[in-house]
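Have a look at the structure below before the remarks.
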Amino acid sequence: MVPRKVGTAWEVAAPAKLNLYLEVLGQRTDGFHELETLMVPVRIYDQLRWTPESRSRSHCSLSIDLQVLSGPADNLLPLDPADNLVLRAAHLLATRAGIPPWGHFHLTKRIPLQAGLGGGSSDAAATLLLANECWQTRLSRAELAELATELGSDVPYFLNAGAAVCRGRGELIESLAGLPRLHVVVVKPTFGLSTPEVFRELAESSAPTEIRRKTSSEQLARLLAALRAGSISTACGWMTNRLEAAASRLAPEILRIKAALAQEGCWGQFMTGSGSTVVGIARSATQARRTARLLSAQNLGTVLAAASGW
């Protein structure tokens, strides 16, 4: 994410993300879960814009424009700007910098809600980067990363460009290079899933954490090797999400969507994040667009063809 100046305003595009791999290694003493996940940005974007307000340099406000890219209007859920991560991120940065937050933020929301696509986290990271530029606070990336961790587990990831393996609760980031572009079909059902509810449903394996950690590292290494070799079909065999079974018990529709993607010839089908979005890895951009058109007619929810990358 790179903020750019447009006249007196600043704006930045905030991408969604996909979890190509997600393992839950156990619960931490702080109540969070220890994760190991491979995340890539996907070309579905929210847009955040900041404009100065001449009347006051001590007032900060937010407006939200909800837009549905395709599918039914279930994504047009009420959003209270006061509860939005954008304002929380802005106030947090202002407090760290010792200045009053000011100006007006306008968020154009295109990433589906409660989808496992990281839209709220991406918006929060975009706010930190945008406010750091337009307020000229000059906080370092390390300082921004500290603030990002306070805002949410996925927020630090979005401060970095490209694919990354994230560990801990998400704040330990290993940036990756050399991964191919993936053509995907993204299906967000007409319902969302609560992340805490999915974790509550998760049945912990009896395997000790160290055994699971070793197995996870081996599986992730095989996935990365296949991706770097350009063997997408082989890589799909290693794309797994520990939360998928728990989410499917709460919402069996996830299994129906996976079956529909498989029937259309997608190499891999998996849930991203804590759901409810299901992703199909297509063989080409043409197949992704064709599959998206066919599944849109099946009333499965919001269906999009996209590609990984910024």
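The values are calculated or read from the model by the stated rules, or taken from the named source; none is laboratory data. Everything numeric in this text was worked out from a predicted model, so none of it was measured. Heads up, the Cβs are rebuilt from the backbone with ideal geometry, glycines too, and the neighbour counts pull from every protein chain shown. Only protein heavy atoms, including side chains, enter the accessible area calculation; ligands, DNA and RNA are left aside. Shrake-Rupley method; radii C 1.70, N 1.55, O 1.52, S 1.80 Å.
Accessible area of HIS33 (1.4 Å probe, protein heavy atoms only, ligands and nucleic acids ignored): about 30 Å². Where the centre of each part is set by its Cα atoms, how far does the range 84-159 sit from the range 216-271, in angstrom? Using only Cα atoms, the two centres lie 30 Å from each other.
In terms of Cα to Cα distance under 26 Å, which lysines are near enough to LYS214, apart from those fewer than 8 places away along the same chain? The qualifying lysines are LYS17. Looking at the range 184-239, the chymotrypsin sites (Phe, Trp or Tyr not before Pro) that sit in a DSSP loop and have at most 16 other Cβ atoms within 10 Å of their own Cβ are PHE191.
Mean separation of Cα pairs under 8 Å and 6 or more residues apart, divided by the residue count, gives the chain a relative contact order of 23 percent. For a straight C-alpha distance cut-off of 13 angstrom, the aspartates and glutamates reachable from LYS258 (same-chain residues fewer than eight places away being disregarded) are GLU244.
For the range 152-310, with all protein chains in place and a probe radius of 1.4 Å, 51% of the accessible heavy-atom surface sits on carbon or sulfur.
Structure remark: mean-square fluctuation, Gaussian network model of the chain, C-alpha springs under 10 Å; the largest value among ILE173, ILE281, ILE254 belongs to ILE173. Per residue, the range 131-206 exposes 46 Å² of solvent-accessible protein surface, assessed with a 1.4 angstrom probe and all protein chains in place.
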